[in-house]
Amino acid sequence: MDMHAISALELPKVLDYLAGFAVSEPGRQACLALRPRNDPEEIRLQAALFEQGRLWAQRSECVLLPFASLDDLLRYTQRPSSVLDLEGLWELRRMLVQADKLRRDCLAGERENAWPLWLDRCRELPLPVRSLSGLSRCLSEEAFLRDEASPELSLVRGELRRLHQQCIRKVRDFAVEYNILHYLQDDFMTLSSDRYVLPLKTNFKGRLQGVIHYYSQTGETCYFEPLFLVEINNRLQELKREEREEERRIFVFLTGLVRDELPGIHACRDFLVDVDLLKARHALARCYDGRLVLLESDGGVLLREARHPLLALAASPPAVRALAALRQSRGETDAPLPAADPAGIVPGTLELPPGKQALVISGGNAGGKTVALKTLGLTALMTLCALPAPVEAGSRLPLWGQIHAFIGDEQSLDEHVSTFTAQIAHLARVWPALGPDSLLLLDEFGAGTDPSQGAALAQAVVDAAMSRGAFVCAATHFPALKAYALSSQGVRAASVLFDPASKRPLFRLAYDQVGASQALAAAREHGLPGEILARAEQYLLLGGEDTSALVDRLNSLAVLRETELAALAREKRALEETRRRLAEDSARERILLFRSIQADARHILAEWKAARLSHKQALKELSRLRSPLAAPTAESAGEGPPPALDLAAIHIRQRLRHVPWKRVGAVLEVDVRKKRVRLDLDGVSLWADAADLAPAENIAPAAGGLFRSGDSAAVPFPLHLDLRGLRADVAVRELEKFLDGAVLAGRSDLEVVHGRGTGALRRELHTFLRTFPAVAGFRLAPEDRGGDGMTIVELK
């Protein structure tokens, strides 16, 4: 990637914001080291890690804490004679504990498998188990060496504590016995060079026998070791030496563990850096509601409602605070912080449909042409870095491996080049590498020379770049280049819009048209004296080149069109939102209705089991519950009513469909006078109105509804229940549910498999079947169907 383009498009400034969101110094360095990638597979992998990491972060409560850069420490550990101190070991412990916690947090979502790439990363992470276990056991959370680090250390420290208590008792007894409390500057004992001393007032130093170790800065206190503490202090010195030796032995042991597992420790450090970078990317996306741009080889260019990333970040308080924290860590406290008004940032859509390779943007000064070029280039660079950009969903870009930006004044006195020659030299340098994977950004290319020759040169560059398959986005004021954009194949023209009344820029693009430069209006807006503007208008009229009226008319029409399109887009979003809300309300009401009907159905079944309702009454009540929920008939679906039945032509045993119940039954009797028919619905006899009946072959399967057990298009209720391996109480509950469903489905013969075994399960089930109201009888199956391992149940 061209480093000149990275600098001109200001990608490092975006990386500064990103680094401000990292919590660790290695994470900040990883953010600043990001560079655009050329490998499409690697870019897609990073994009997938970003999206899956977003799901992980949403469901995780694990917080990443700051951790130090351990590069120097780990390099030092590679030396065979090196021994890490307490601070270094504690930093290692802190890093490994955090890596293990994040790893376990990620693997906790293994069942959902919502972030498979991160799960694979955590499964493959070579966790240094011995180092982690040793450091966790020996070092505390407060960065102290635990007494339990070794038996010897525990004994030595226990003896030190006993010795300390002994000193306190002796000093207290001595002070009381010899009445020296008023000699002491403070009522406590302290340590000096690992020896217990008393803070004695200087004017009393000759009253007691002992050794003065040193005086305070004021000279009013001397630190005095009485003779009765000399022997204890000598023992204290020995114990302190033993403690230091044991601590060093433990440090040597822990350093050896770390040295043996250095690859795993490096892997854990890299894992934490990647997680830190991931969280920084997510924080960057939250600042401006950003998302990753899709990369499609033949999808053209489409950036929906795009904003320049740096403008969007400058308008985000969290991003500005993150940048301030980064600069403070660098000591750059004098640099002013960027600031932008969110209301002043106007999003715009950049679009180059498939089949087009060049976009030429014209229009007035300060209208946003250069910002549009920079937005396209910087968004493309961020996409290649797998960074979210401030665009709407559905945005896409080609995979550009090379981006070349001709933006700004490249003249240099030191290199003896002018603006024009600097552009030409830059173009000559990058031209050999220009190809189908290239994007060329030209801002006022050729403006530093004769306008006619500069325009011809700019057209030639666009032509030649397109012939190589490259994409071009150019901003220009050349009339010849504007005409070229309207007339050339593969080139699309666009114009920045201005308010027709105030002549202020609207920072929006109108496509397939060109715009005037609006130089005089821009000069007036920026305070140029009126007398100069008046003379300029006179010279313009004398030259016969004043086309402002025509261009203003085109601009007004374009503004009107864009306003109408924006209104239509808002109306479309409102309709989609209304539709979504209605769908959610409908689904919620459907669930509530289903639960209500389900509760009523349970109540009816309970009444039937308690013998308070007969079988026919229960079926009638259930029919009443589900009749309002019947699936739409052909008539309600707009297909017209089913054909009317001729009662005189109906014969006994004819099969008819009962529409409200969605069941097929046989005709038992016809009452022509009352226009009704008595049907046999799998053993249930009922009178049905002729309007509720239809020939069985003319009724389409139900399209919906809550109850479909009796519909031939629904999944049939099973006739077989296998209870083998279940406890007796569980098996009885399952059998009860099975029988309830069979009754609702109108089944008559069922098979219940319980196995042979000891016969205990069979006896429990038979006892239950004798008490179930709907069971007409039951028997063991024949040997060819399972014998005493299966029971055949007959329902009433």
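The values are calculated or read from the model by the stated rules, or taken from the named source; none is laboratory data. On a predicted model such as this, the values are computed, not experimentally measured, just so you know. Virtual Cβ from ideal backbone geometry, glycine too; neighbours counted across all protein chains shown. Note: areas computed on protein heavy atoms with side chains; ligands, DNA, RNA excluded. Shrake-Rupley method; radii C 1.70, N 1.55, O 1.52, S 1.80 Å.
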task = Note the listed values (i) 38.0, 118; (ii) 43.0, 137; (iii) 47.5, 152, then indicate which one is Rg and Dmax of the Cα atoms in Å calculated from this particular structure.
result = (ii)
query = Calculated FRET efficiency, Ala781 and Val730, Cβ-Cβ r, R0 25 Å, to nearest 0.05?
reply = 0.65
request  = Distance check, please: which entries in Lys482/Lys572; Lys572/Lys662; Lys620/Lys675; Lys675/Lys737 exceed 29 angstrom between their Cα atoms?
outcome  = Lys482/Lys572; Lys572/Lys662; Lys675/Lys737
query = Let a ≥ b ≥ c be the square roots of the eigenvalues of the Cα gyration tensor of the range 40-100; is it rounded (a/c under 1.5), or, if not, prolate (a/b larger than b/c) or oblate?
reply = oblate
request  = Could you calculate, for the range 131-177, the ratio of the Cα radius of gyration to the Kirkwood radius, expressed as Rg to Rh?
outcome  = 1.26
key: Projected label distance in nm at Gln617 and Ser748, using a 7 Å step from Cα toward the beta-carbon   = 2.5
inquiry  = Nothing charged except the Cβ atoms of Lys and Arg (+1) and of Asp and Glu (-1): what's the magnitude of the dipole of the chain about its Cα centre? Round to the nearest 20 debye.
reply    = 3060
ask   = Under the definition of Cα pairs under 8 Å and six or more residues apart, what whole-number percent is the relative contact order of the chain?
value = 9
query = Hey, if we sort Tyr484, Tyr215 by accessible area with the 1.4 Å probe, largest down, what's the order?
reply = Tyr215, Tyr484
Viscosity 0.890 mPa s, 25 °C: Kirkwood-radius Stokes-Einstein D of the range 1-102 over Cα pairs, µm²/s = 147
note = So the carbon and sulfur contribution to the accessible area of the chain, 1.4 Å probe, in percent, is 53
query = On average, how much accessible surface per residue is there in the chain, in Å², for a 1.4 Å probe, leaving out ligands, DNA and RNA?
reply = 53
inquiry  = Rg and Dmax in Å for the range 344-444, alpha carbons only: what are they?
reply    = 15.2, 47
message = Need one number: nm distance between label points at Leu55 and Asp71, each 7 Å from Cα along Cα→Cβ, rounded to one decimal.
response = 3.5
query = Pulled fully out, how much extra length does the chain show between Ser216 and His651, if you take 0.36 nm times their separation in residues and subtract their Cα-Cα distance?
reply = 144.3 nm
key: Neighbour net charge for Ala776 - beta-carbon separation under 13 angstrom, K R +1, D E -1   = +2
task = Between Glu141 and Asp692, with labels modelled 7 Å along Cα→Cβ, what's the label distance in nm to one decimal, could you check?
result = 7.0
ask   = Can you give the FRET efficiency for Arg624 and His720, using 1/(1 + (r/R0)^6), R0 = 41 Å, r = Cβ-Cβ distance, to the nearest 0.05?
value = 0.85
query = In nm, what is the difference between 0.36 nm times the number of residues separating Asp173 and Asp671 and their Cα-Cα distance?
reply = 167.4 nm
task = Whole Å is fine, so just give me how far the alpha carbon centre of the range 443-496 lies from that of the range 16-47.
result = 35
